[in-house]
Amino acid sequence: MKTTVRGVIPALTAEQESFLSDLMNRYCAAVRWSFKRLLEGLKTQDIRLAVQPNFNLNSRQANDAVYDAKTVITSQKELVKLHYANAQKKVEFIEKRLKKAKSPKRITNLQKRLDKEHRALAFWQKHIDNGTFPPVVFGGKKLFLKRCRGLISREEWREARSNRYLSRGDKTKGGNLNTRIYLVDDNIYLDIAAEQVQAGKSVRYNRITVPVYLAHKPSKKTGQINGINYRQIVLDYLKTGNAYQVEIIREQGRYYIHVSIEEETPAPYTARNGAIGVDTNPDGLGITRTDYLGQFKENMWLSLSECTYARTNRRENLIGETAANVVDLAQKLNCLLVVEDLEFKDDKSMTAKFNRMSHGFIWSKFLAMTQRRALRKGVPLVKIKPAFTSVIGILKYQVQYGLSNHEAAGYVIARRGLGLNCEKVPKPLVKQFIKKKKKDGFSKLTNWKQWSSIKKAVVAAIKKHTKKEVQSLVSWQHYRKQLLVSG
């Protein structure tokens, strides 16, 4: 598991700061130059050979600069595909809403939005056809526009374009030859390769050594580390001699260091007490536990409504604590942890309020943090397809166990994680909502298509009963008895 630990270089002499600043300038210029040459179609090896003398970098630094440039190109091409797919989905989504719209004002607004998405779709389609991508601004588009308007100085713009240095590791060279981390008298130091020196027939490099502080939080009361001791993780990893990556970033006059390592994780334990299913929603988590046979045991709701309006750091802290609580619960109960395999895409054109609530609900981060902690704790984690979990939970299990919509969905998720993928449709639902002529065909449908048919029939029945526009099963519990008894 790849882990990146952030630290800071607390003190630099004038000579060291001048060297680091010059190294970042040369490295970032080499990345930009390599990026342009790659777009022109030059061979990677030819670019590497040209970068070394042109920017006064050693061979490894030149390779890292070209690798950095190639990474930018690869990521931009993937982003074009993603934006095109999202724009396509948005067009389809708005067209469906446009067909159902009745108000002239509503139709006009949706048509304007549709025209906008068609323009976006044509824009990304053109890039896909030509194998290109939008211009890349090293330093950031926002700062570039500010510079164009004279809102920032030339020095500030150059600072933003030349504020990082990347050094990849090599196991055969003791971890990282250009930027070596070591421990002396319980203090961590970073040794950086400087200018080359000719020593006879061989070439050597001078080194500059700077102190490094890696993040860890000792308690003022007990002296023990709060949370994970990342500093110790890095020090233990250095003893293995494996490769590690170092990135130095300058922010507001301070120099930060990111150390990336491959963290070893324990083998997952054998879950003998069932599964815990987690249903993610914009305002919280529906959590339900089952035994090893998939039978209901207990449920709970973790409210996280604060995440919809909290600031970034507070929100990330809340998500991290929630992920830790969920994983620790599974570990304590010796259960399998089951989550939905969600894909968070910007593929729907909705209101600003809804987009704020559902923007990955920040749950993309929650799922990532949960997965990392599960790996670190040795908790077995399973991702399942989320299709119809809420539908099955509401129509089949909600009344039976007295659960909320989200807890019922969590129950279905837990059962699916145990391999119970085929959820039979209850006979009362089939009898009430499937016409006699269609029952033979209904039994031949796949399980998910059966639930899709039942959902459509139930929504239509609620709509007919209430004489209101209904699109979901939220009101099913309110009208359940009337609908099952009628007819």
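Only the coordinates and a few stated rules stand behind these numbers; no lab work does. Just so it is clear, the structure is predicted and the values come from calculations on it, not from any experiment. Methodologically, a virtual Cβ is constructed for each residue, glycine included, from the backbone with ideal geometry; neighbour enumeration extends over all protein chains shown.
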query: Which distance in Å, rounded to a whole number, links the C-alpha centroids of region 1-35 and region 396-448?
result: 57
statement: Set LYS436/LYS481; LYS100/LYS142; LYS126/LYS449; LYS90/LYS455; LYS77/LYS455, cut-off 30 Å on Cα-Cα distance; pairs above it are LYS100/LYS142; LYS126/LYS449; LYS77/LYS455
message: Apply the Karplus curve 6.51 cos²θ - 1.76 cosθ + 1.60, θ = phi - 60°, to the phi angles in region 78-88 and return the couplings in whole Hz, x for Gly and Pro.
response: 5, 5, 4, 4, 5, 5, 5, 4, 5, 5, 5
field: Sparse-neighbourhood loop sites, trypsin sites (Lys or Arg not before Pro) in region 387-424 - DSSP loop, at most 15 other Cβ within 10 angstrom
entry: LYS424
task: Would you work out the relative contact order for the chain, in percent, from Cα pairs under 8 angstrom that are 6 or more residues apart?
output: 14
- line: By the C-alpha gyration tensor axes a ≥ b ≥ c (rounded if a/c is under 1.5, else prolate when a/b exceeds b/c, else oblate), the shape of region 275-423 is oblate
query: Can you list the HN-Hα couplings for region 169-184, worked out from phi with the Karplus curve (6.51, -1.76, 1.60; θ = phi - 60°), rounded to whole Hz and with x for Gly and Pro?
result: x, 8, 4, 6, 10, x, x, 7, 7, 7, 10, 9, 9, 8, 10, 9
message: Let me make sure I get this right: for region 1-55, a, b and c are the square roots of the gyration tensor eigenvalues over alpha carbons, sorted descending. Under 1.5 in a/c it's rounded, otherwise prolate if a/b > b/c, else oblate. Which is it?
response: oblate
task: Quantify how much of the Cα-Cα distance distribution of the chain extends past 37 Å, in percent.
output: 47
query: Among the trypsin sites (Lys or Arg not before Pro) within region 1-72, which fall in a DSSP loop and have no more than 16 other Cβ atoms within 10 Å of their own Cβ?
result: LYS43
- prompt: Can you work out ³J(HN,Hα) from phi for every residue in region 154-167, in order, using Karplus 6.51 cos²θ - 1.76 cosθ + 1.60 and θ = phi - 60°, giving whole Hz and x for Gly and Pro?
  reply: 5, 5, 5, 5, 5, 4, 5, 8, 9, 10, 8, 8, 10, 9
- line: Computed from every Cα-Cα pair in region 427-487, P(r) in 10 Å bins starting at 0 and rounded to whole percents is 21, 53, 25, 1
message: What does DSSP give for the chain in terms of the percent of beta bridges that are antiparallel, rounded to the nearest 5?
response: 85
task: Grab the DSSP H runs of the chain that are 4 residues or longer, score each as -39,500 (n - 2.57), total them, divide by all residues and round the 222 nm result to the nearest 500 deg cm²/dmol.
output: -16000 deg cm²/dmol
query: Percent relative contact order of region 151-293, based on C-alpha pairs within less than 8 angstrom and at least six residues apart?
result: 19
task: Using only Cα positions of region 359-487, each an equal point scatterer, no hydration layer, compute I(q)/I(0) via Debye at q = 0.11, 0.12 Å⁻¹ and quote the log10 values to two decimals.
output: -0.47, -0.55
- request: Give the range of the longest stretch in the chain that excludes all GluC sites (Glu not before Pro) found in loop regions by DSSP and having at most 16 other beta-carbon atoms within 10 Å.
  value: 1-263
Rounded, prolate or oblate (a/c below 1.5 giving rounded, otherwise prolate when a/b exceeds b/c) for region 1-94 by Cα gyration tensor: oblate
